[in-house]
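Below is one structure, written out as structure tokens, with a few remarks after it.
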Amino acid sequence: MAEKALPESVYKLFARTGHDVRGPAGVVSGALDELERALDGETTARNAAFFTMARRGVRRLLRLADRYTVASELARQMDAPAQLLDVEALVRQAVAEASFVYGRRQVTVALDLAPLRGFAHPSSMAAALADALMLALRAARSRVVVALAAHGEMARVVLTSDSDTASVEELFEAALSPGADPLDEGALPVRVIDGVLRAHGGAARVERVGAETRITLEWPLSEAARKAGGAR
């Protein structure tokens, strides 16, 4: 996807939407914190369930704000310095966030993560990982496996879901096709995933393997390789 092909007005819309969603969601999150403190540990099981529902809804709004903010910055991200970080911890963080916000009771998430350090933009890569897991969870019947390992000089994250449809493949194909509307339903998460990986000098792909759907995110572990790959 060539991010610079989008009109500047679209990036401004993404930035404004992210800001407008994050503000009210933050206020509600703060109000929930105050309510819990006011109860002073007297929360009943019923109230605790309501608090969890409310927090999940707020976190979903904050994830939406993150998605719009990252989308608004994709065209500039290649020039921004990446950080050397614990990639395993970043993946765990993204999985925990996406599982809480988008988790389905009948779907389990298993982790197979190798210790790994490399360069990345923490916020944008976490957003891409969370959106990829969201898509995997929606497609899965009962199980998603998230694997992380080094593949040569690349970090590789593979999300495998026991999906019986090609819905994720079709979504990627439609969202990234020439002339696709970035505002179409379902297109923005795919464009964020694809754009973030491209900005990191890597790539995202989806494939069907037997009765499974695999979403693979791969990017260079070194900063020099990231810049070289992103410049292509």
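Structure data summary
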{"quantity": "Scope the stretch 157-183; condition in contact (Cβ under 8 Å) with a residue 24 or more places away in the chain, part of a helix (DSSP H, G or I) and not acidic (Asp, Glu); matching residues", "calculated": "167, 168, 171, 172"}
{"quantity": "Test for residue 58: is it surrounded by 19 or more Cβ atoms within 10 Å (Cβ to Cβ) and either over 30 Å from residue 153 (Cβ atoms) or in contact with a Lys or Arg (Cβ under 6 Å, 6 or more places away or on another chain) (or both)", "calculated": "yes"}
{"quantity": "Test: residue 10 is among the aliphatic types (A, V, I, L, M), surrounded by 13 or more Cβ atoms within 10 Å (Cβ to Cβ) and in contact (Cβ under 8 Å) with a residue 60 or more places away in the chain", "calculated": "yes"}
{"quantity": "Breaking point among (1) of a type in the set (D, E, K, R); (2) over 30 Å from residue 12 (Cα atoms); (3) part of a helix (DSSP H, G or I), for residue 105", "calculated": "(3)"}
{"quantity": "Count - residues of the stretch 184-222 that are assigned to a helix (DSSP H, G or I) and among the aliphatic types (A, V, I, L, M)", "calculated": "8"}
{"quantity": "Number of the condition not met by residue 50 [criteria: (1) at pLDDT below 90; (2) hydrophobic (A, V, I, L, M, F, W, C); (3) not in a helix (DSSP H, G or I)]", "calculated": "(3)"}
{"quantity": "Residues within the stretch 127-139 that are touching an Asp or Glu at 6+ places or on another chain (Cβ under 8 Å) and either free of Cβ contacts under 8 Å to residues at least 60 places away in the same chain or of a type in the set (Val, Ile, Thr) (or both), tallied", "calculated": "0"}
{"quantity": "Which numbered condition residue 80 fails, given (1) modelled with pLDDT under 90; (2) assigned to a helix (DSSP H, G or I)", "calculated": "(2)"}
{"quantity": "Residue satisfying all of: in the stretch 200-232; modelled with pLDDT of 90 or more and among the small types (Gly, Ala, Ser); nearest to residue 139 (Cα to Cα) among these", "calculated": "204"}
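The values are calculated or read from the model by the stated rules, or taken from the named source; none is laboratory data. Computed from a predicted structure; not experimentally measured. All Cβ positions, even for glycine, are placed from backbone atoms using ideal geometry, and neighbour counts span all protein chains on display.
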